[in-house]
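What follows is a short report on a single structure.
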Amino acid sequence: MKKLFSIVFIFLFLLLFVSRICAAAQTQAKVFNLNYASADALAEIVKKLIGPDGKISSDPRANILIVVDYPENLAKIEQIVKQLDTRIEQVAIEAAVIETSTQTLKDLGFRWGRSGSVVFYKGSSGIPSKDFQVVFNALDSNSQTNISSHSRVLTQERRPAKIEVSSQTVTGKAESVIYDAKTGQAIVIPERAKTGSFLLVTASTHPDGTITLDVQPSLVTPERSENYPRGYIDPLARMVATTVNIKDGETVAIGEADFLQETDSSDIAAQATAAKSRKTLIFISAKIIK
């Protein structure tokens with residue numbers, strides 16, 4: 001009897017053990033309520049991680065992701081979803097294009113670096129917010145300064161933001177003629193080209209509060225043609241591309257590589273040339289929106 005009882009006990013124990021293994025091996029469903037990431041976009045990533053018996057579906061209206069898989073794989077997927085479902089920083093980009101004399105910029109403390117297109121202000125590539133406000137007010141009130149554009153845009157980090165202030169400029173006497181379908185009257189359309197300021201900037205934020213800016217500013221200005229008769233205009237394009245690190249809220253100045261060459265302060269002729277010389281500077285500010 002004792003032997004029979006032992007056999008039954010072992011059988012029940014094995015049955016319970018096997019049933020638990022089978023239960024653990026069964027697929028389970030888990031619902032992920034997403035806060036920041038798009039359910040549809042995340043589903044495209046997660047579906048590459050589920051097992052052969054797994055399934056995935058998403059509800060874009062509620063921004064919910066539903067994953068069916070084995071418990072071990074679900075745990076791995078949960079960790080990945082947590083890493084991807086994070087807040088993307090919003091960055092406010094402000095850009096101002098100014099034209100002023102070289103001497104004015106020098107008087108305000110701007111100097112050219114050894115290389116690149118970043119103009120240094122009092123030895124630093126980043127201009128603090130308070131200092132920039134003083135500089136901008138000084139330029140705005142300066143009779144020799146022209147602020148051609150001042151724009152703001154809100155964007156997400158690591159996504160390019162585009163700022164464009166442009167116009168269609170008549171470039172010459174070349175023209176095309178079309179005729180009105182009803183009246184038959186000739187309509188003369190002059191040749192035009194887009195001129196103005198164009199800025200492409202991508203901001204990446206870092207835990208220490210700094211911001212990396214990949215900037216590609218360009219200026220297209222109408223210049224009198226030297227190769228064609230009087231009255232023709234050649235659009236002159238000036239473009240740079242650079243990467244700079246600044247603190248949150250700071251401003252960086254981008255300019256032409258030759259406009260702030262050092263001159264002897266005792267040279268009267270050099271001072272006169274600097275006062276008359278007019279150059280363009282682009283101020284780019286970036287601030288993380290909390």
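The values are calculated or read from the model by the stated rules, or taken from the named source; none is laboratory data. This is a predicted model, so every value here is computed, not measured. With ideal geometry, Cβ positions are generated from the backbone for all residues, glycine too; neighbour counts draw on all protein chains shown. Heads up: the accessible areas ignore ligands, DNA and RNA and are worked out on the full protein's heavy atoms, side chains in. Shrake-Rupley method; radii C 1.70, N 1.55, O 1.52, S 1.80 Å.
A simple packing score, the average count of other Cβ atoms within 10 Å per residue, orders the peptides 155-162, 209-216 as 209-216, 155-162, with the highest score first. Can you list residues whose amide H is under 5 Å from Ile233's amide H, if they're 5+ apart or on another chain and H is modeled 1.01 Å from N? For Ile233, whose amide H was placed from the backbone, the distant partners under 5 Å are Gly172, Ser225.
With R₀ set to 51 Å, the beta-carbon distance separating Ser225 from Arg87 gives a calculated FRET efficiency near 0.45. Residue order by solvent-accessible surface for Ser57, Ser141 is Ser141, Ser57, largest first, with ligands and nucleic acids left out and a 1.4 Å probe.
If I compute solvent accessible area with a 1.4 Å probe over the protein chains, what percent of it on the stretch 62-150 is carbon and sulfur?
For the stretch 62-150, the apolar C and S fraction of the accessible surface comes to 48 percent.
Sequence-distant contacts, meaning Cα pairs under 8 Å at least 6 residues apart, place the relative contact order of the stretch 33-95 at 37 percent. When peptides 119-130, 95-106 are ranked by their average number of other Cβ atoms within 10 Å per residue, the highest-first order is 95-106, 119-130.
Between Gly51 and Tyr70, the built amide H atoms are under 5 Å apart, and every one of these is 5 or more places off in sequence or on another chain.
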